Amino acid sequence: MIRILLCGEGPHDVGLQEWDPRSRRHVIREGWLQNLARQLTDEPVEFLSCMRKELVLLPRQAKRPLPRGHGEKALAALIRGQSERCDVVVFMLDADSPDRVVWERKRSEIYDGFTRFPAIRGVACVPKSASESWLLADPNAWLQVGLPDTRTLPQYPEEIWGVHNDPASNRPHNYFARMCQQAGQTDSRETRALLAIVSATEALGEKCPISFMGFADDFRAAI
């Protein structure tokens, strides 16, 4: 059994823990990242999760100077993963840009943080543009969730971008919300998790060859 800590931006990515009054216990409601990662390995996997904002790097845990940018949080994630007896840590954040230079810089910062604590394996998960780009990649998956015309999906999801507060823009979240509306689905964690289950990783690799394949190759190597 491989034990993996997923560190993400929020519940859409790594899920959340909720109290189930029927079973009278806490249950995990998964996000899209668990379901995509599960497709990338044949090994039995146990997932733990945390939010990036929860991570704190204590002064005694790292030598100065600290890693730049997102490297500090990536280092904190590895230390958290070791304390949870994990084998691998996946550190996820959106590139928030279709620019490959921005994507490469953020990945570089994460891996720089990982090098400060080689006792545990780390994987950077940085969707180019945003995570919704990956979830817009497989037309067959959208057919399964009710989208009537897959020609409305973007041809190159990693490259789409637009104004944040304009619902008609091609910013990945706005684009995703419009596709959900056309498919009769909610713009929610549940829909993201479902799409991650029914999306084929081959389709994601074809439509998002830079960032998805970067993650998939690194994840498989770590596993």
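The values are calculated or read from the model by the stated rules, or taken from the named source; none is laboratory data. Nothing here was measured: the structure is a model prediction, and the numbers come from that model. Note that each Cβ is placed from the backbone with ideal geometry, even for glycine, and that neighbours are counted across all protein chains shown.
Assorted remarks:
- Screening region 6-29 for residues that are of a type in the set (A, V, I, L, M, F, W, C) and under 12 Å from the mean Cα position of the chain (by Cα) and picking the one that is nearest to TRP134 (Cα to Cα) gives VAL14.
- Here is the figure for region 19-49: residues that are part of a strand (DSSP E or B) and not polar (S, T, N, Q) total 11.
- SER108 being outside the structural domain of ARG189 (by TED's automatic domain parsing), within 28 Å of THR191 (Cα to Cα) and of a type in the set (Ser, Thr, Tyr): no
- Positions within region 75-109 being more than 11 Å from CYS7 (Cα to Cα), part of a loop (DSSP other than H, G, I, E, B) and of a type in the set (A, V, I, L, M, F, W, C), in sequence order: CYS86, ALA95
- Scan region 1-59 for residues that are free of Cβ contacts under 8 Å to residues at least 24 places away in the same chain and within 21 Å of ALA221 (Cα to Cα) and the total you get is 2.
- Residue in region 36-45 that is under 15 Å from LYS73 (Cα atoms) and surrounded by 22 or more Cβ atoms within 10 Å (Cβ to Cβ) present: no
- Applying the set (1) free of Cβ contacts under 8 Å to residues at least 12 places away in the same chain; (2) surrounded by fewer than 16 Cβ atoms within 10 Å (Cβ to Cβ); (3) assigned to a helix (DSSP H, G or I) to ASN140 leaves exactly one unmet item: (1).
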